[in-house]
Amino acid sequence: DAFREYAHRVVDNADALAGYCTQEELTVVSGGTDNHLLLIDVTPYGLTGRQAESALREAGITLNRNSLPFDPNGAWYTSGLRLGTPALTTLGMGKEEMREIASVIKLVVSNTKPSKIAKGKNTGKASQARYKILPLALESARSRVSDLLHHYPVYPELDLDYLEQS
């Protein structure tokens, strides 16, 4: 029964995250989700999935780039992001936290641009891997992610102050 309730919370969180991403004008590929995952298309921001994944990791959000149907960027660079809610749900997060996560994702992808290639035959073209993120946006995103993790620590039983002193 406990697992069944947890599984329902996972799916409810994924549905909420998909809805909040849509409200943030992020393109949820299937228009929503019926399970624990959702895909976001980042091409409207001029990014590859690889760039968006790296920028979001730099901000403290762990997710994966993912190919989309008929992906023009292929399986390595991709055009999408795959987000899942099991870990968030395990931490105790709910719908309000999904709203904040969607907002932070939007902040990061809308303030990230591809870098220009500096050397070689493709000099001046947009990179498919490298990116630049506006420093103030990155700082804000990191702060917001840190605040979430402060309220929902990964290992709440650890005494971090003690570990830092040791």
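The values are calculated or read from the model by the stated rules, or taken from the named source; none is laboratory data. Bear in mind that the values here come from a model prediction, so they are computed numbers and not experimental data. Cβ placement follows ideal geometry from the backbone for every residue including glycine, while neighbour counts extend to all protein chains displayed. SASA here: full protein model, heavy atoms, side chains in, ligands and nucleic acids out. Shrake-Rupley method; radii C 1.70, N 1.55, O 1.52, S 1.80 Å.
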Taking the chain as a Gaussian network, Cα atoms linked when under 10 Å apart, which of Asp71, Asp41, Asp12 shows the biggest mean-square fluctuation? Asp71
Hey, what number do you get for the chain at 222 nm if only DSSP H runs of n ≥ 4 count, each worth -39500 (n - 2.57), divided across all residues, to the nearest 500? -15000 deg cm²/dmol
Among Lys119, Lys106, Lys132, residue whose mean-square fluctuation peaks in a GNM of the chain (springs only between Cα atoms under 10 Å): Lys119
Run the count for the chain, please: Lys pairs, Cα-Cα under 24 angstrom, 8 or more apart or on different chains. 10
Cα centre as origin, Lys/Arg/Asp/Glu Cβ charges: the stretch 120-166 dipole, Debye: 840
With charges only on Cβ, +1 for K and R and -1 for D and E, what is the dipole size of the chain about its Cα centre, in debye, rounded to 20? 1320
Whole-percent tail of the Cα-Cα distance distribution for the stretch 14-166, cut at 27 Å, equals 27
Please report, as a whole percent, how much of the solvent-accessible surface of the stretch 61-118 comes from carbon and sulfur atoms (probe radius 1.4 Å). 58
How far, in nm, would the chain grow between Asp159 and His8 when pulled straight, counting 0.36 nm per residue and subtracting the alpha carbon separation? 51.2 nm
Within a Gaussian network of the chain (alpha carbon springs, distance under 10 Å), most fluctuating of Val29, Val42, Val154: Val154
